[in-house]
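What follows is a short report on a single structure.
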Amino acid sequence: MSDFTKITSRDNSLIKLVSQLNNSGRSRKEHGLFVIEGLRLCRDAAENGFGFTHLLVSQTAMDKYGSDIDFLYEKAERAYLLSDSVFDKISDTKSPQGIICLVKKEEKQYEICKKGRYIALENISDPSNLGAVARTAEALGIDGIILSDNGCDPFAPKSLRASMGALLRLPVIICEDFVSVLGGSGLELYACVLAPDARSLTDVSFSDGCAALIGNEANGLTDEAIAICNPITIKMAGRAESLNAAVAASIVMWEMQR
């Protein structure tokens, strides 16, 4: 414990930084950092090669999770011990465990594998959907997730929690120019669209080296993305007109791996 710097003031500059990173994608981009909270997520990050710039633990967590904190401490550049009241100020959860790590966003870099099978999400806006897609992708053995950079932030607290750590374990590739990157990837591309003349998903034989594209919850895929893809659709019965983006992605990924 002697190696932990104590913080007792809510006005401490590090406390203010954590709050900014929790609440602002702009701050995460500006500082090149994101926040992981909770023992399980922090261990997932550490075990998957992420290093921590800061480890922050509450006094209660120090007393309760001593051996786990020792493990996280070895991965951190700096460590801080917070009073419980100060930790509560920066926690993004209702029942905090008292463990937060700050992680460099550039810690992990991935490239698209030409033999991989990917789910690609364009302009997905709901972090809960992104997290659900990541959990399913991991469970089904998808090789990675490709994201447009104008969708929700995979490093936002809500995305990370919804993914149950999958976004820390799966390769996540964020593209400034989504269409150009995918168009030049060498992958066979499939656009999931609501079009009666599109090929039925169940008639497609997916092979290694492919990606299925899912679009924004309200607007679907852009015309530019559709133009570089083979259009496919999930045939629906009854009066259903569309599916939730995460549900549609899950169905497609199941078929990709079947």
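The values are calculated or read from the model by the stated rules, or taken from the named source; none is laboratory data. From a predicted model like this one, the values you see are computed outputs, not experimental measurements. All Cβ positions, glycine included, derive from the backbone under ideal geometry; neighbour counts span all protein chains shown. Just the protein is used for accessible areas: all its heavy atoms, side chains included, with ligands, DNA and RNA removed. Shrake-Rupley method; radii C 1.70, N 1.55, O 1.52, S 1.80 Å.
Answer with yes or no whether Ile100 is within 21 Å of the chain's Cα centre (by Cα), of a type outside the set (Ser, Thr, Tyr) and surrounded by 21 or more Cβ atoms within 10 Å (Cβ to Cβ).
Yes; evaluated as a whole, the condition is true for this residue.
Would you call Asn219 over 20 Å from Cys113 (Cβ atoms) and out of contact with any helix residue (DSSP H, G or I) (no Cβ under 8 Å at 6 or more places or on another chain)?
Against the criterion (over 20 Å from Cys113 (Cβ atoms) and out of contact with any helix residue (DSSP H, G or I) (no Cβ under 8 Å at 6 or more places or on another chain)), Asn219 qualifies.
Those residues that are over 15 Å from Ser13 (Cα atoms), open to solvent by less than 20 Å² (accessible area, probe 1.4 Å) and touching a Phe, Trp or Tyr at 6+ places or on another chain (Cβ under 6 Å), I need them from the range 56-75; list them, please.
Ser58
Anything in the range 131-147 that is in contact (Cβ under 8 Å) with a residue 60 or more places away in the chain and out of contact with any Phe, Trp or Tyr (no Cβ under 7 Å at 6 or more places or on another chain)? List them, or say none.
Ala132, Val133, Thr136, Ala137, Gly141
What single numbered condition from (1) in contact with an Asp or Glu (Cβ under 7 Å, 6 or more places away or on another chain); (2) among the polar types (S, T, N, Q); (3) over 28 Å from Thr136 (Cβ atoms) fails to hold for Ser67?
In the conditions (1) in contact with an Asp or Glu (Cβ under 7 Å, 6 or more places away or on another chain); (2) among the polar types (S, T, N, Q); (3) over 28 Å from Thr136 (Cβ atoms), Ser67 misses (1) alone.
Quick grid of which residues meet (1) part of a loop (DSSP other than H, G, I, E, B); (2) modelled with pLDDT of 95 or more; (3) under 12 Å from Leu121 (Cβ atoms); (4) open to solvent by less than 80 Å² (accessible area, probe 1.4 Å):
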position	(1), (2), (3), (4)
Leu168	no, no, no, yes
Ser180	no, yes, no, yes
Leu194	yes, no, no, no
Asp208	yes, yes, no, no
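Name the single residue that is farthest from Ser125 (Cα to Cα) among those in the range 7-27 being open to solvent by 50 Å² or more (accessible area, probe 1.4 Å) and in a helix (DSSP H, G or I).
Ser13
Of the residues that sit in the range 226-249 and are open to solvent by 30 Å² or more (accessible area, probe 1.4 Å) and at pLDDT 95 or above, which one is nearest to the chain's Cα centre (by Cα)?
Taking the candidates together, the pick is Val247.
Would you mind finding the one in Arg135, Arg161 that is buried (at least 18 other Cβ atoms within 10 Å of the Cβ), assigned to a helix (DSSP H, G or I) and out of contact with any strand residue (DSSP E or B) (no Cβ under 9 Å at 6 or more places or on another chain)?
Step by step, each of Arg135, Arg161 is checked, and only Arg135 is buried (at least 18 other Cβ atoms within 10 Å of the Cβ), assigned to a helix (DSSP H, G or I) and out of contact with any strand residue (DSSP E or B) (no Cβ under 9 Å at 6 or more places or on another chain).
Has the range 198-205 got at least one residue that is under 22 Å from Ile112 (Cβ atoms), β-branched (Val, Ile, Thr) and outside any helix (DSSP H, G or I)?
Yes, some residue in the range 198-205 is under 22 Å from Ile112 (Cβ atoms), β-branched (Val, Ile, Thr) and outside any helix (DSSP H, G or I).
Cβ-Cβ distance below 6 Å, separation of 6 or more or different chains: which pairs start in the range 115-126 with a residue that is farther than 13 Å from Ala248 by Cβ and end on one that is polar (S, T, N, Q) and assigned to a loop (DSSP other than H, G, I, E, B)?
Close Cβ pairs satisfying both conditions: Asn123/Asn150.
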